[in-house]
Amino acid sequence: MALNDFLPRIARPSRYLGGELGSIRKNPGQVEVTFALAFPDVYEVGMSHLGFAILYHALNSVKWIAAERVYAPWPDLEKELRKAAEPLPSLESERPLGRFDIVGFTLQYELSYTNIVTMLDLSGIPRRRDARTEGDPLVVVGGPCAFNPEPLADFIDCAVIGDAEEAVIELCEAVRASKATGESRSALLERLASIEGVYVPAFFEVRHFDDGRIEAIRPLHRGYDKVRRRFLADLESAPYPTDPIVPFMNTVHDRVAVEIARGCTRGCRFCQAGYIYRPVRERSPERIAEIIEKSLGASGYEEVSLLSLSTGDYGCIEPLLKGLMARYAEEKVAVSFPSLRVGSLTPGLMEEIKKVRKTGFTLAPEAGTERLRQVINKGITEEDLLETTRAAFTLGWRIIKLYFMIGLPTETEEDLDAIVELSAQVKRTGKGTSGGADVNTSVSTFVPKPHTPFQWEAQIAMEETLRRQEKLRNALRQKKLRLKWHDARLSALEGVFARGDRRLGAVLEAAVDLGCRFDGWADHFDYERWQEAFSRCGIDPAWYLRERAEEEILPWDHIDCGLPKEYLLAERRRSRSGAYTPDCRTEACSGCGVCDFEELRMRLVEHGEVPLPERPEEQPLPGDEERYKVRLRLRKSGKARFVGHLEFMTLFHRAVRRAGLPVRFSAGFHPAPRISFPDALPTGVESDAEIIDLELYRPWGARETVEALNHELPEGFCALEGAALHWKTPSPSVSIGETVYRVTLPTPAPPGLAERLREFLAQQEVPVQREKGRQVQRLDLRAGVVDLALEDGAMILTLAKGSPVFLAAHLLQVSPEEARNLGIRKVGVVFR
């Protein structure tokens, strides 16, 4: 069975279509190494991950490497695949994962680990590395959680530690050389171990004391006693995608994302990213502008996001942001960035942010008291925070979101009380500003992470988390403030695996066998199943949340993140005295040991003006421009029939942007392109008659419009013809009186079908019931049916309104899914 056969029976089939604009499918005859980039979460989450896109681009830029994507299937597709005994395929070529040379998983979150094992199962790849044979793919992991890969050590062949852009190419070169010489799997692992940043778990033996602590981590190969993190010395020359994959469906972050810097030296002692991504490396504004210009042109996106761990710290963020907003304002492109830090928010920067951020303004004090912020080295004062929020409310923001952590080392009841008081003070800073002022407070539980000064600390128990959450909820309610919190059970499980060891492999395997999937999704997380898994393996999860002794061997001690353990210990001790460690970006070097001050060093841009591409021709103001209209007829066929109506509208809007068509925009606060669509086509139905109107502000030929769009539309979509209309012509939804559908009949055709059609047309009403979610709707199928006919092995439905799918299912006495599988096509429309 092909993947297409499952799509009518599952939710959100556009997750699994492939063929998106910007995706790459190579000729198998020209490829020597195949690499499946596997994201252990759903498509819309994975497609929003920038690192995944960077590696896809880097790998496919090498002629002899073919990188394809695969995402964790939602439980409905998993069920279909298991029932049909079909393997999990990639998106690009639908090749089963078991037929790739390399399957590489990104580890962004500990609670995705069950999905990794599930994806291996669905691919027919043995779970455990010691069960794999010469014909099985190499299973690789990377990403932030790979800095402690031990809970997955039994399932992976190797891990890439650190920056992967160069390391994955070297890994592929090793696999290529190994294939050419016919090496054994064990010889390939030895070859991989020679690559800087590649960790091979099989080359280390871990012994435990009876109480569970690690007695020794013994290297099994001479000279391979530690694996040093891989560093990308210079971000400026690193590969970066400027032809992004444009998804059919809306994803979590649906925009051009540009990494303007990597690394942070603020030194917040709880923050793993701040330590494992050092040193700070910034891209030049020229390179950033080049990436943005090319990416917008290739994608048609309406937003650009400037990304780094602390975007406000970028060396010339104000001129960059101001220049980008001036450059793209006429094209209705918004510029934003998600990471705001109180210490980096100048009045000028806030003025620029205000132009694109008009709803929530998010800040992360992390702790309620000055004492506790000194413990964690946050480096902001209460006065800094209140000045920032006062300015934000004055500039017009109505809601400020505050993020705190509970359970930080040395936290007291007074620190919890201070979260409530600080939230109330922030709300008071908005008093007297126009439009009102509100504050939303969110808390998460502190989870100690490897390679941080707090890696030895205890994590508070789940019961204590619940108590502190309840205390904050009640106290904030009294001050008319709201609290959002993270599920205590999820935080506890995250804490177990964040600092876990190899013994957790058995627990993970048991949890998967019990049905655990998508543990980071609240509606899929099943805590009782996890409790059962721990019980079966005789492991107490609370043991992993305990404080570690400073002399204790930690599961990740053989992974070198670039910072000596002695430095992290010194930082831990400084935290107890509240000693501040300065940011070496602006102050003296903190001596963390990551830089060699030659090749590996901070690379910062200088302040100054930002050179930007020329602005396009200025558009007339709404109401001042001339008006023209072009009507198009589009085809939607093949896999494209599973793209939903709202997804189709977004897809078409972006194609119009890429084509550079002079489309008019509406006036008002949120200008939108004046493009009119017909009524929604049911998902799974093909069409030769999707009628779309474009309103233009200058003359543009119908033929040129068709040609320009066909150059930009993805596979399965095609503009068939166009015609110029008077600009006052009513929209398609108003103009179309009847729609004609062709339904392919099964072979042989149902007996008595012609008589059934006549009887149906003779009825005044045909009431039926339809289940929609948990509700049952009553429908009259006869209403809106103009005519029914049989013609050359097909049933022709002419409708004034209504769904052809349910009508065809009723007439043929099959399910809606079976009717879709027969093939339903919209073949024409009749204008009023």
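The values are calculated or read from the model by the stated rules, or taken from the named source; none is laboratory data. Just so it is clear, the model here is predicted, and its values are computed rather than measured. Every residue, glycine as well, gets a Cβ built from its backbone with ideal geometry; the counts of neighbours run over all protein chains shown. All accessible areas refer to the heavy atoms of the entire protein, side chains included, with ligands and DNA or RNA removed. Shrake-Rupley method; radii C 1.70, N 1.55, O 1.52, S 1.80 Å.
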- Taking the range 464-499 only, how many residues are open to solvent by 30 Å² or more (accessible area, probe 1.4 Å) and not in a helix (DSSP H, G or I)? 7
- Selection from the range 378-414 of residues in contact with a Ser or Thr (Cβ under 6 Å, 6 or more places away or on another chain), open to solvent by less than 50 Å² (accessible area, probe 1.4 Å) and among the aromatic types (Phe, Trp, Tyr) yields PHE393
- Message: Going by what's in this entry, would GLU94 be described as touching a residue at least 24 places away in the same chain (Cβ under 8 Å), surrounded by fewer than 18 Cβ atoms within 10 Å (Cβ to Cβ) and under 21 Å from ILE245 (Cβ atoms)?
- Response: yes
- Item | Breaking point among (1) in a helix (DSSP H, G or I); (2) modelled with pLDDT under 95; (3) over 34 Å from the mean Cα position of the chain (by Cα), for ARG574 | (2)
- Scan GLY515, GLY593 and give me the residue that is open to solvent by 20 Å² or more (accessible area, probe 1.4 Å) and either free of Cβ contacts under 8 Å to residues at least 24 places away in the same chain or among the charged types (D, E, K, R) (or both). GLY515
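If we only count strands (runs of 3 or more DSSP E) wholly inside the range 782-832, which ones have 3 or more residues that are closer than 20 Å to HIS645 by Cα and not β-branched (Val, Ile, Thr)?
Working: elements: 785-791, 794-799, 824-831.
Output list reads 824-831.
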- Query: Scanning for something touching a helix residue (DSSP H, G or I) at 6+ places or on another chain (Cβ under 7 Å), farther than 18 Å from LEU59 by Cα, surrounded by fewer than 16 Cβ atoms within 10 Å (Cβ to Cβ) and not polar (S, T, N, Q), does the range 191-211 turn up at least one residue?
  - Reply: no
- Qualifying residues in the range 331-351 (those that are open to solvent by 20 Å² or more (accessible area, probe 1.4 Å) and closer than 17 Å to ILE292 by Cβ) - the one modelled with the lowest pLDDT: PRO338
- Item | Number of the condition not met by LYS79 [criteria: (1) in contact (Cβ under 8 Å) with a residue 60 or more places away in the chain; (2) open to solvent by 40 Å² or more (accessible area, probe 1.4 Å)] | (1)
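Quick check: anything in the range 424-433 within 28 Å of GLU551 (Cβ to Cβ) and at pLDDT 95 or above?
Let us first name the residues in the range 424-433 that are within 28 Å of GLU551 (Cβ to Cβ), namely none.
Looking through the range 424-433, none of the residues is within 28 Å of GLU551 (Cβ to Cβ) and at pLDDT 95 or above.
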- Item | Per-region count, the range 534-567, residues open to solvent by 40 Å² or more (accessible area, probe 1.4 Å), among the basic types (Lys, Arg) and in contact (Cβ under 8 Å) with a residue 24 or more places away in the chain | 2
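Restricting to the range 631-690, name every residue that is part of a loop (DSSP other than H, G, I, E, B), more than 23 Å from THR744 (Cα to Cα) and in contact with a Pro (Cβ under 6 Å, 6 or more places away or on another chain).
Answer for the range 631-690, where residues must be part of a loop (DSSP other than H, G, I, E, B), more than 23 Å from THR744 (Cα to Cα) and in contact with a Pro (Cβ under 6 Å, 6 or more places away or on another chain): ALA667, PRO678.
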- Query: What is the residue count in the range 142-175 for residues that are assigned to a loop (DSSP other than H, G, I, E, B) and either under 23 Å from the mean Cα position of the chain (by Cα) or free of Cβ contacts under 8 Å to residues at least 60 places away in the same chain (or both)?
  - Reply: 10
- Item | the range 306-330, residues that are in contact with a strand residue (DSSP E or B) (Cβ under 7 Å, 6 or more places away or on another chain) and either more than 10 Å from ILE260 (Cβ to Cβ) or crowded, with 22+ Cβ neighbours inside 10 Å (or both) | LEU306, SER308, TYR314, LEU321, LEU324, MET325, TYR328
- Residues that are of a type in the set (A, V, I, L, M) and open to solvent by less than 60 Å² (accessible area, probe 1.4 Å), drawn from the range 702-734: ALA702, VAL706, ALA708, LEU709, LEU713, ALA719, LEU720, ALA723, LEU725
- Message: When the residues of the range 788-821 are narrowed to those that are closer than 21 Å to LEU745 by Cβ and open to solvent by 70 Å² or more (accessible area, probe 1.4 Å), which ends up nearest to the chain's Cα centre (by Cα)?
- Response: ASN821
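From GLU134, GLU86, GLU94, which residue is outside any helix (DSSP H, G or I) and at positive phi?
Working: GLU134 fails: at positive phi; GLU86 fails: at positive phi.
Criteria check complete, one pass: GLU94.
Taking the range 237-289 as the region of interest, how many residues are among the aliphatic types (A, V, I, L, M), open to solvent by 20 Å² or more (accessible area, probe 1.4 Å) and in contact with a Gly (Cβ under 7 Å, 6 or more places away or on another chain)?
Here is the first cut: in the range 237-289, the ones among the aliphatic types (A, V, I, L, M) are 238, 245-246, 249, 252, 256-258, 260-261, 273, 276, 280, 288-289.
Keeping just the survivors that are open to solvent by 20 Å² or more (accessible area, probe 1.4 Å) gives 245, 252, 257, 273.
Narrowing further to those that are in contact with a Gly (Cβ under 7 Å, 6 or more places away or on another chain): 245.
Result for the range 237-289: 1.
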